[in-house]
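A.B. asks: Can you keep this structure in mind? I'll have questions shortly.
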Amino acid sequence: MRRPGGHDRSAPTGALCVLAASVLWGTTGTAATFAPGVGPLAIGAAAMGLGGLLQALLAAPRIARDTARLRDQRGTVLLGAVSVAVYPLAFYSSMRLAGVAVGTVVSIGTAPLASALIERVVDGRRLTGHWTLAASLGLLGTVLLCAAEAARSARTSHGTGQSSVAATLAGVGLGLVAAVTYALYSWAAHRLITRQLPSRTAMGAVFGLGGLLLLPVLPATGAPFLDSWSNAAVGAYMALVPMFGGYVLFGWGLAHVHASTATTLSLLEPAVAAVLAVLIVGERLPVAGWTGVALVIACLAVLTAPAPRLRRRPEAGTTGPREASGAAAPGSTDGRTAGDSRRPSSPPPGPSVPVPHAPAHAVDRPPGPPPAAAS
């Protein structure tokens with residue numbers, strides 16, 4: 001596998017995996033409305049806890065094989081696992097207090113900024129103009145979605161007064177906690193993958209341990225799941241589809257794109273949540289909300305479009321392509337023309353320099369053709 005970054009030709013595959021995961025995650029808020037008697041802590045524990053344990057079960061043979069390497073990265077694994085345990089409790093509580101749209105928008109919409117800050121401080125990675133433009137469009141779109149939902153809540157909560165405002169503010173605060181923890185476990189999983197661990201091992205270890213941390217919450221809060229078949233169906237759906245299936249896709253995506261890119265692509269989730277809230281739950285989305293959805297889509301279009309590459313200009317006094325005499329093209333030392341991918345028939349003159357080779361390692365990828373040659 002190639003490390004995410006640069007001009008990795010497998011990045012579109014990773015982006016599609018993250019987008020598919022975001023569509024699945026966007027259904028969680030709407031699904032939770034079909035179990036109104038189940039509290040947010042129980043929803044979060046069932047969804048992320050059981051989903052994480054399923055990931056660990058799927059990856060158990062690989063985790064056992066890579067135990068020594070995971071032990072070497074135990075700090076990163078533990079950070080990711082704690083973040084996995086905190087995230088669903090904060091996220092679903094945020095949606096319950098501030099509404100599906102606001103909770104989703106704040107939790108997911110601010111995660112790219114938190115992720116970019118983590119990569120900048122810890123990894124020293126500079127942000128590109130391409131990412132900045134996409135993140136700006138996405139953030140503006142999520143702000144418009146949030147404002148539209150806040151206005152709708154204000155119109156429908158005249159009798160609740162200050163309690164409604166306090167609940168919304170508390171929901172926004174928990175949404176920010178969810179955003180930071182989402183960015184942290186995305187960064188942790190990405191870091192493990194780039195340190196030669198297969199994506200299934202990394203995701204299984206982080207989410208499996210996080211699921212174990214969530215297990216004590218489920219017996220204390222999950223009794224309402226047994227009250228009706230609809231509640232039980234919601235719990236099973238949340239664990240199997242958006243959490244287990246979604247995070248398998250997300251792990252594949254993190255094998256090919258940076259965590260900041262993945263969290264920015266997941267801005268599709270609040271847009272999906274808002275549209276489903278309109279189509280299924282019956283909420284109304286004003287013009288500002290639809291404008292926000294359009295901006296999120298524009299953000300995704302910018303982020304998934306290939307970045308323009310600058311062509312190197314020939315130096316003064318040099319010729320263009322190789323002529324019949326066999327002269328090398330500008331910038332070439334082996335007699336090839338610019339852009340010629342053929343190997344030279346003989347080594348170039350001068351001292352030879354050993355070329356380092358990246359260590360090979362196994363990474364799980366979704367079905368399809370293997371990634372192109374490493375960049």
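The values are calculated or read from the model by the stated rules, or taken from the named source; none is laboratory data. Model, not experiment: these values are computed from the prediction. Neighbour counts are summed over all protein chains in view; Cβ atoms, including those assigned to glycine, are modelled from backbone coordinates with ideal geometry. Side chains included, ligands, DNA and RNA excluded: accessible areas come from the protein's heavy atoms. Shrake-Rupley method; radii C 1.70, N 1.55, O 1.52, S 1.80 Å.
A.B. asks: Looking at the range 47-75 only, could you name the residues that are of a type in the set (Gly, Ala, Ser), within 27 Å of Val278 (Cβ to Cβ) and at pLDDT 90 or above?
C.D. replies: Gly51, the sole residue that qualifies.
A.B. asks: Here's something else I'd like to know. With respect to the numbered conditions (1) within 20 Å of Ala111 (Cβ to Cβ); (2) more than 17 Å from the chain's Cα centre (by Cα); (3) open to solvent by less than 10 Å² (accessible area, probe 1.4 Å), which one is the sole condition not fulfilled by Leu276?
C.D. replies: Among (1) within 20 Å of Ala111 (Cβ to Cβ); (2) more than 17 Å from the chain's Cα centre (by Cα); (3) open to solvent by less than 10 Å² (accessible area, probe 1.4 Å), Leu276 violates only (3).
A.B. asks: Mind listing whichever residues of the range 232-269 are aromatic (Phe, Trp, Tyr) and farther than 30 Å from His130 by Cβ?
C.D. replies: The answer is Tyr237, Phe244.
A.B. asks: Give Val241, Val257 a once-over and let me know the one that is touching a residue at least 40 places away in the same chain (Cβ under 8 Å), farther than 17 Å from Leu89 by Cβ, surrounded by 24 or more Cβ atoms within 10 Å (Cβ to Cβ) and of a type in the set (A, V, I, L, M).
C.D. replies: On inspection, the qualifying residue turns out to be Val257.
A.B. asks: For the range 218-240, does any single residue satisfy the condition of being closer than 28 Å to Ala42 by Cα, within 20 Å of the chain's Cα centre (by Cα) and of a type in the set (D, E, K, R)? So that I can check it myself, show each step before the final result.
C.D. replies: Initial filter on the range 218-240 (closer than 28 Å to Ala42 by Cα): 218-240.
Add one more test, that the residue is within 20 Å of the chain's Cα centre (by Cα), and what stays is 238-240.
From the residues that got through so far, the ones that are of a type in the set (D, E, K, R) too are none.
No, because not a single residue in the range 218-240 is closer than 28 Å to Ala42 by Cα, within 20 Å of the chain's Cα centre (by Cα) and of a type in the set (D, E, K, R).
A.B. asks: Still on this model: Exactly one of these conditions fails for Val257: (1) out of contact with any helix residue (DSSP H, G or I) (no Cβ under 6 Å at 6 or more places or on another chain); (2) not in a helix (DSSP H, G or I). Give me its number.
C.D. replies: For Val257, the exception is condition (1).
A.B. asks: Here is a list: Ala239, Ala262, Ala271. Which entry is within 18 Å of Trp187 (Cβ to Cβ) and assigned to a helix (DSSP H, G or I)? Reasoning before the result, please.
C.D. replies: Details: Ala239 fails: within 18 Å of Trp187 (Cβ to Cβ); Ala271 fails: within 18 Å of Trp187 (Cβ to Cβ).
Criteria check complete, one pass: Ala262.
A.B. asks: Going through the range 90-119 one residue at a time, which ones are of a type in the set (Ser, Thr, Tyr) and touching a Pro at 6+ places or on another chain (Cβ under 7 Å)? Talk me through it step by step, then tell me what you get.
C.D. replies: Initial filter on the range 90-119 (of a type in the set (Ser, Thr, Tyr)): 92-94, 104, 107, 110, 115.
Correct list: Tyr92, Ser93, Thr104.
A.B. asks: Do any helices (runs of 4 or more DSSP H) lying entirely in the range 22-130 carry at least 1 residues that are open to solvent by less than 10 Å² (accessible area, probe 1.4 Å), within 26 Å of Leu268 (Cα to Cα) and touching a residue at least 40 places away in the same chain (Cβ under 8 Å), and which ones are they? Explain how you work it out, then say what you get.
C.D. replies: On the way: elements: 28-32, 40-44, 51-58, 60-65, 67-72, 74-98, 100-109, 111-118.
It comes to 28-32, 40-44, 51-58, 74-98, 100-109, 111-118.
A.B. asks: Identify all residues within the range 163-181 that are surrounded by fewer than 18 Cβ atoms within 10 Å (Cβ to Cβ) and modelled with pLDDT of 85 or more; write none if there are none.
C.D. replies: Answer for the range 163-181, where residues must be surrounded by fewer than 18 Cβ atoms within 10 Å (Cβ to Cβ) and modelled with pLDDT of 85 or more: Ala170, Gly173, Leu176.
A.B. asks: Another one. Do the conditions hold for Leu192, that is, is it open to solvent by less than 40 Å² (accessible area, probe 1.4 Å) and either modelled with pLDDT of 90 or more or out of contact with any strand residue (DSSP E or B) (no Cβ under 6 Å at 6 or more places or on another chain) (or both)?
C.D. replies: Against the criterion (open to solvent by less than 40 Å² (accessible area, probe 1.4 Å) and either modelled with pLDDT of 90 or more or out of contact with any strand residue (DSSP E or B) (no Cβ under 6 Å at 6 or more places or on another chain) (or both)), Leu192 qualifies.
A.B. asks: In the range 195-233, which residues are hydroxyl-bearing (Ser, Thr, Tyr) and open to solvent by less than 10 Å² (accessible area, probe 1.4 Å)?
C.D. replies: Result: Ser199, Thr201.
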